[in-house]
Structures are given as C-alpha cells and as structure tokens.
Amino acid sequence: MDIELTKEDDAFRAEVRRFISEKLPRELAERETVGASGERGALRRWQKDLHEKGWVAVNWPRQYGGTGWTPLQKHIFNEEMAAANAPRLSPFGLSMVGPVIYTFGNEEQKKQHLPSILSGDVWWCQGYSEPGSGSDLASLRTRAVRQGDHYIVNGQKIWTSYAHEADWIFCLVRTDETAKPQEGISFLLIDMKTPGIEVKPIISIDGLHHLNEVFFTDVKVPVTNRIGDENKGWTYAKFLLVNERTGIAGVPESKRKIAHLRKIVKQERLGDGAALADEPAFMTRLSEIEVKLTGLEYTNLRIVAEEVAGRPAGPSSSTLKIVGTEVQQALSELAVEAAAFYAMPFQREHLMGIANEAPVGPAYAVSVTSAYNFGRAASIYGGSNEIQRNVIAKAVLGL
Amino acid sequence: MEFALSEEQCLLQDSVRRFLEQNSPLDKVRLAAGNTHTVQRSLWAGASELGIPGMLIPEDFGGMGLGFLDAAIVYEMFGRYVAPLPFLGTAVMAPLALMLAGSEAQQEKWLPKIAAGEIIAGVAVTESIGVREDAGVKAGKGTLTGKVLFVIDWAEADLYIVADSDHGLHLVLPGAKGLSRRALDTIDKTRSVGELVFDQVSAEPLPRSSADAVARVIDAGRVMLAADTLGAGQMMIEKSVAYAGERKQFGRVIGSFQAVKHLCAEMAAALEPSRSLVWYAAHALDEVPGDARLMACHAKSHLSEVGRFVARTATEVHGGMGFTDLLGLHYWFKRIGFDRQLLGGPELVRLEAAHLQGWAA
C-alpha cells in the first residue's frame, strides 16, 4: 500500500489541469453543473480534443489507443475531470463495446471499429434487453438465422438509450434455439442504417426522450460482424456487463454532485432565513453519503489495481453498482430537498438547454427533479439492484 | 371510542371512488395532463353533483356542512385516481378562508357559488410558509403589491384568496387592473399552479383575517395533501402487486421472488399505519383544536416520506416499465412528489413541528 503522490504524479496532475483549462468548453462545463444535457456538437468536439491528446480511452491498453496509465494516474485524471465538471463521454463505445472488440474481436473488427470509437465519429448503442427479457436477459428471443454469409435478424430490443442518435448497435441475438439459453446466444455488431431496423421513442418519467424500442425485420447482417464464436455471445456479454456495472457506479459524477451540493447549501435559505449549510440534519446526511462514496472511490482504485495485476473485477462490480446507484439516488434526493419549492417547476426548455428567459427559481434547481425522477432508473438498468444482490449472494458469498 | 370511519363516510368514499373510477380513468387523466391549465369542466360538474365542492361549506350556503375527515377521505380518492380537479384550493382552502375570516356579505356572495361548483377559487398562501428572494405580497390601502408563486388552483380561477405578509387575507378578482398571471408547469401535470404578480391591484380584505386564520387554512391544506399522498400511494402498491403477479422472468412471476415480495410488503407496512395518522390529523382539525396544527405537520411530513418511499419502491417493482410515459405510473409518482413540496417540504414542516413543541429555538 502506497498512497503518496510522487513528483511525477504532481506534474501529471498539473498537465491534466492545464489541458482542461485550455480545452474544456466553458458552456459544456456549466451545463453539466446545472445538470442539463450537453449539446451533442460540443460533446463531439470535446471528445476530439481528448482523442488528439491521446486521453480519450483511459482504461484501454496502449496498443489500441488507450493511455497505458498507472491506476494512480487514472485516478488523478478522473478526479480532475470531475472537479472541472467535464461531461462524461458516451459509454457505449468507449466503455462497453470497445473493450469487447479489442478483447474478443478479430483484427479486421479492431481495425474497422476502434479508431472511430476513439474519435467519436461513430456512436454506439446497446441492444441487450427485450420486452420479455430484462432481469432474465438470457431468455432473449431476437433471433439470427444463418443464410450464407449473412444472418437474418428478427426481433425487438427495448430500453435502448440513444438508439435514435447511434450509428451502430451491438446486439445479443439467439443463434441456437435448442441449446440452453446461455449457450445459444451470439454477439453481433449491426449498422443502424441497415434496412429493416426501426427505432421508436420511449418517453420516460422526466418527459424527455432518451430511450427507444428497436425493431428488426429481416435485417441482413454479415457473418463477419459477429464477435468471436457463434453461440459464445453470453461470455462476451457478461464481460461487458461487468464494465457497465463498474461504470454505472458513477463515482466521479457523484463526487462532482457532492461538491455542487456543498455550494448550493451555502446559497439556499431555510424558512427562517438561515443557510441550509447550518442545518445539521441536512449536512449530516450529506456527510453520510460522502463517506459511502469515499469507500466506493477507494474500492474502485482497488479494482483497478486488481485488474492491473491480472485479476478481473468479476462479481464485486455488483457491489459497486448497488452502492453507487444508491449514492446517486440519495444525492438526487438531497438536491430536491435543497431546492424545496423550486423542485416543483418543470422547465422543459431549460432542461434541454434551449431557453432564452431566466428560469423560475435558481439555476441549480432546474434539473433536480428530473434528475431525481430519471435517476429511479439507476437501480433498474444494468441489471436491477435486486438481481445484483442475487449475484453477490451466489457468486461472492456462495449462497 | 371508535377509531373508524362511520357508515356514512364509507358510503361517501365509495361513491367518490366509483365516480372517479368511471369518469377519470388514466386515458382521461393523460388528456387532462396535456392541458394542465384548463379546468376539466365536465368532470368538475360530475363532482359537483356529488356535492364535493361544497362539502365543507355550511348547509345555509348550499353546502353539505361536512368535516375535514370527510374531505380527507374524498381527497384520498382523488389521489388514488390522480384526479385532475381543483379540489384543494376551491373546495377546501378557499371556503375555509372565507368561513374563518370573511364578512357575512363575502360569505353570502361567494360560498354558494363555490358550493354549486360554479366557480373556481385559487389560493395564494405559499409565501406565508417560506418567503423566497423577492417574493411576498404587501398590502396598501385596498391594494396589493408583490408576487406569489405556486398559487393553488391557479387556472381559470374566478377569484383568488391571497395572503399578504402581515397575515391579512384578501379577495382578488382575476381581471383586476395591475394583476399579471403566469401559468407554471410543474412536475405534476394533474394540478394547476401559477404565479400572480400584483402592481397596486385593488383587493377586498377579509375583515376577520388573522395569523391563526392563515395558519388554519394551511393546516387544512397540509392534511389534504397527506390524504392525497395516501390515496396515490395505496394505488401504487396495488399496481405493483398486480404487476408482480403478471410479469414473468426466469419462467415465473416476479412476485414469487422474495426480493420483490418484500418490496411490496415493505410498502404496505409503511403506508397502512399512515392511514390512521391522516384520519386523526383530519379529525383533529374538526374536533381537537389543540392537536390540530401539530398533527397537520406530522401528517404532512410523514406522508411525504412514506409517499416517496412507496413511489420509489413501486417504480422499482415495475422495472423499466415504471418510468415510461406509456404505463403512466409516473402520474402517481409525480403527484406524490408535488404533494411533498407544496405547502412546505417535510424538512421545513418538521422544523415547524419542533417549534410548536418548544423543541427548537
């Protein structure tokens, strides 16, 4: 155990800060602070700048365009990004399908997809859940039937975040109807422009469009778009889920939200005129969450260290997912409480970042309720927290 | 001692339940939610036939002369069916303000119209709970100046009851010169609130106004919001149980898994004792004046917390479907969220309760 920062580490931190202050678009950071969704164009430019610097894929191996950083450097980088309110890049390419492609894909696939994931030129979405297959993902029924050099894909995916903006989708499909559910699944990469794909919006609790249903009708997918072996897709899918769950824990984002809440409580007045920061009950809860989060943060560091040592994270990602999402939800709750009356207004244009007039109430209150509402999804997506508890009981505790 | 609803009260609640079940199904609620700031006239006319707008108003003025417990069990049904109706301001807070502080002439003029369901009465008292920034209303000689947010039953109101910053209550007509009105969309699209901005607006004071009268209007509002949350929460539990009994994963209904079963049981265990609290708080408004304010605070803050727990847990049980617009569970979720913040969030209300009991400086 060595937690001292070296001179090199300090220099690295300074370099990261310098880069952020030069390159991070101010309006993107401000948006992130109030919680409004970042504008896509600005996000793309930010990813390009990171890419040019070689910093876009923090966790990828250097040979595929990653940073090759030490765990501590990654930690410093993430800390600085969160402190500066840098927006999180879309995880579907960088954190999800990218690692699957460089771990299980062939040379052609790596050449075709990794560069455009790094540059942000191609946006991905995730075709996992189906109407009848959520927690029981392995029961999925979208089927791919081999026909010469192609698969013919028919079926439906659901809860597909940003499918309406994505260029490609990575999909779990059934290629063997007779095998055990987990043994008849393959992992396909599908171009969203292929004929027969239809995307329908799902409007969610926050009144906005992030989610979709994706329908496949006789969609022709080249066999060369399959990752790894036929019927081995479940292995790749689980590998990805571990990364997804670790990412969902959202530790840097929660740290940023805590810092933001600490600012709000100094401005926000109670009914009797005192600052919310002087309210012990509120501050105690904020501190409790902060302690949990600190535990998670160091657990993340431990997991990174384990991975570096060649011991994959595995089921401990379930713990991270549970606690991380609980922390997110507790923070969103506190933000609603801090905003009090001003948690009520629903200001769509401000949420979308297209408003001209000043909002009703303080700017920080605009998104608190939408964040709280949509944040209910965090304990459901990526495998519900109930399912994660099953994973822990079985895989960690041997129950 | 009989801690229970009377036979008449059970019949009343049943008739409101049947009325709303038939006349305010989810697709109607959805349509209404697309026009938050429009009063659902035919639905309100139906409620008027049941006597709902005048339920608290004395029979002399054309009302039913019932009590707050009756109103609470009715509003519980409104919460259950997320009814998009102007009950809180028009049928509870405005008539109460008129009865407590109005002159005989004012009562004779307005109460029969409210009781008949002919008019909508908005209530602007939020600044008496927590004054924000530059908001608040100052009374001059027969005029009001200032602004007030979150005016309850704002839409299409035929009169507003406005509290000034010195505990004066006033009648203001929507067409009054110098009055600007701004609709405010909130998370809950089943109820209309808005802002009123007064620039030397002529207003008619309610002559018997007092700090106590304003407080009692707020107490009643808080108990009603608690009752609304109770009804909405009960419905969310029922929907969760039904969904858990239909949705299959791993070849069996998810309600057969303990993880899901216990979520449902925890909701029931949290909500059921709250029902008694709401009943007593409403009963205290009628019969136990010494307990009324404290119990209103307790009911409001406790139901806010229990409501949030139920809203959240029910959403969890529904998985992805729970946060889709399509299923509509979010109408209940948001109704409960709105109930929580309106007339004081639980943190503020608990602080008030502590003050009432001499526990806080």
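Does residue A:205 fit the bill of being touching a Phe, Trp or Tyr at 6+ places or on another chain (Cβ under 9 Å), over 30 Å from residue B:186 (Cβ atoms), buried (at least 23 other Cβ atoms within 10 Å of the Cβ) and of a type outside the set (D, E, K, R)? I'd like the intermediate steps shown before the answer.
On the way: touching a Phe, Trp or Tyr at 6+ places or on another chain (Cβ under 9 Å): yes; over 30 Å from residue B:186 (Cβ atoms): no; buried (at least 23 other Cβ atoms within 10 Å of the Cβ): yes; of a type outside the set (D, E, K, R): yes.
Judged against the criteria, residue A:205 is not a match.
Do we have any residue at all in segment A:64-81 that's part of a loop (DSSP other than H, G, I, E, B), at pLDDT 90 or above and more than 23 Å from residue A:245 (Cβ to Cβ)? Let's see the steps before the verdict.
Going residue by residue through segment A:64-81, those that are part of a loop (DSSP other than H, G, I, E, B) are A:65-70.
Restricting the remaining residues to those that are at pLDDT 90 or above gives A:65-67.
Among the residues that remain, those that are also more than 23 Å from residue A:245 (Cβ to Cβ) are: A:65.
Checked against the condition, which is being part of a loop (DSSP other than H, G, I, E, B), at pLDDT 90 or above and more than 23 Å from residue A:245 (Cβ to Cβ), segment A:64-81 yields at least one hit.
Does residue B:179 meet the test of being modelled with pLDDT of 95 or more, in contact with a strand residue (DSSP E or B) (Cβ under 8 Å, 6 or more places away or on another chain) and over 20 Å from residue B:97 (Cα atoms)?
Values: modelled with pLDDT of 95 or more: yes; in contact with a strand residue (DSSP E or B) (Cβ under 8 Å, 6 or more places away or on another chain): yes; over 20 Å from residue B:97 (Cα atoms): yes.
Taking the combined requirement at face value, the residue satisfies it.
Touching a strand residue (DSSP E or B) at 6+ places or on another chain (Cβ under 6 Å), at pLDDT 85 or above and either assigned to a loop (DSSP other than H, G, I, E, B) or not assigned by TED's automatic domain parsing to the domain that holds residue A:147 (or both), is that true of residue A:230?
On the way: touching a strand residue (DSSP E or B) at 6+ places or on another chain (Cβ under 6 Å): yes; at pLDDT 85 or above: yes; either assigned to a loop (DSSP other than H, G, I, E, B) or not assigned by TED's automatic domain parsing to the domain that holds residue A:147 (or both): yes.
Answer is yes for this residue.
Just to be sure I understand, how many residues within segment B:205-254 are polar (S, T, N, Q) and under 30 Å from residue A:136 (Cα atoms)?
Residues that pass the stated criteria total 3.
The rows are residues; the columns are (1) crowded, with 22+ Cβ neighbours inside 10 Å; (2) under 21 Å from the mean Cα position of the chain (by Cα); (3) hydroxyl-bearing (Ser, Thr, Tyr).
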residue	(1), (2), (3)
B:135	no, no, no
B:142	no, no, no
B:148	yes, yes, no
B:152	yes, yes, no
B:166	no, no, no
B:178	no, no, no
B:182	no, yes, no
B:185	no, yes, no
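Taking the conditions exactly as written (crowded, with 22+ Cβ neighbours inside 10 Å and at pLDDT below 95), does residue A:140 satisfy them or not? Give the derivation first.
Working: crowded, with 22+ Cβ neighbours inside 10 Å: yes; at pLDDT below 95: no.
The answer is no for residue A:140.
Conditions tested, residue by residue: (1) away from chain B (no Cβ under 14 Å); (2) outside any helix (DSSP H, G or I); (3) modelled with pLDDT under 85.
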| site | (1), (2), (3) |
| --- | --- |
| A:271 | no, yes, yes |
| A:284 | no, no, no |
| A:287 | yes, no, no |
| A:304 | yes, no, yes |
| A:311 | yes, yes, yes |
| A:317 | yes, no, yes |
| A:320 | yes, no, no |
| A:326 | no, no, no |
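With the condition kept exactly as written, say whether any residue in segment B:288-309 is touching a Gly at 6+ places or on another chain (Cβ under 9 Å), without any contact (Cβ under 8 Å) to a residue 24 or more places away in the chain and assigned to a helix (DSSP H, G or I).
no
Please pick out the residue among B:242, B:269, B:284, B:265 that is surrounded by 15 or more Cβ atoms within 10 Å (Cβ to Cβ) and either out of contact with any His (no Cβ under 7 Å at 6 or more places or on another chain) or among the hydrophobic types (A, V, I, L, M, F, W, C) (or both). First the steps, then the outcome.
Numbers: B:242 fails: surrounded by 15 or more Cβ atoms within 10 Å (Cβ to Cβ); B:269 fails: surrounded by 15 or more Cβ atoms within 10 Å (Cβ to Cβ); B:265 fails: surrounded by 15 or more Cβ atoms within 10 Å (Cβ to Cβ).
On inspection, the qualifying residue turns out to be B:284.
Could you say which residue among A:16, A:58 is within 30 Å of residue A:370 (Cβ to Cβ) and either modelled with pLDDT of 85 or more or loosely packed, with under 13 Cβ neighbours inside 10 Å (or both)? Walk me through how you get there before you give the answer.
Values: A:16 fails: within 30 Å of residue A:370 (Cβ to Cβ).
Matching residue, one of A:16, A:58: A:58.
Working only within segment B:302-361, note down all residues that are within 9 Å of chain A (Cβ to nearest Cβ) and aromatic (Phe, Trp, Tyr).
B:323, B:333, B:338
Give me the pairs, please: first residue somewhere in segment B:223-251 and in contact (Cβ under 8 Å) with a residue 60 or more places away in the chain, second residue anywhere and in a strand (DSSP E or B), beta-carbon distance under 7 Å, and either six or more positions apart or on two chains.
B:244/B:253; B:247/B:253
In segment B:307-330, what residues are within 22 Å of the chain's Cα centre (by Cα) and surrounded by fewer than 24 Cβ atoms within 10 Å (Cβ to Cβ)? Before you say what the answer is, go through the steps one by one.
Pass one, segment B:307-330, residues within 22 Å of the chain's Cα centre (by Cα): B:307-312, B:314, B:328-330.
Correct list: B:308, B:309, B:312, B:328.
Can you spot a residue in segment A:96-111 that is surrounded by fewer than 19 Cβ atoms within 10 Å (Cβ to Cβ), among the hydrophobic types (A, V, I, L, M, F, W, C) and either modelled with pLDDT of 95 or more or outside the structural domain of residue A:26 (by TED's automatic domain parsing) (or both)?
Restricting attention to segment A:96-111, the residues satisfying the condition of being surrounded by fewer than 19 Cβ atoms within 10 Å (Cβ to Cβ) are A:103-104, A:106-108, A:110-111.
Those left that are additionally among the hydrophobic types (A, V, I, L, M, F, W, C): A:104.
Imposing the further condition that a residue be either modelled with pLDDT of 95 or more or outside the structural domain of residue A:26 (by TED's automatic domain parsing) (or both) reduces the set to A:104.
Checked against the condition, which is being surrounded by fewer than 19 Cβ atoms within 10 Å (Cβ to Cβ), among the hydrophobic types (A, V, I, L, M, F, W, C) and either modelled with pLDDT of 95 or more or outside the structural domain of residue A:26 (by TED's automatic domain parsing) (or both), segment A:96-111 yields at least one hit.
Test residue A:162 against the stated conditions and say whether it is under 30 Å from residue A:41 (Cα atoms) and among the aromatic types (Phe, Trp, Tyr). Even if it seems obvious, please write down each step before you answer.
Numbers: under 30 Å from residue A:41 (Cα atoms): yes; among the aromatic types (Phe, Trp, Tyr): yes.
Criteria met by residue A:162.
Name the residue that is farthest from residue A:131 (Cα to Cα), counting only residues in segment A:209-235 that are surrounded by 16 or more Cβ atoms within 10 Å (Cβ to Cβ), among the hydrophobic types (A, V, I, L, M, F, W, C) and touching a Phe, Trp or Tyr at 6+ places or on another chain (Cβ under 8 Å).
A:227
The values are calculated or read from the model by the stated rules, or taken from the named source; none is laboratory data. Not measured: the values here are computed from a predicted model. Neighbour counts are summed over all protein chains in view; Cβ atoms, including those assigned to glycine, are modelled from backbone coordinates with ideal geometry.
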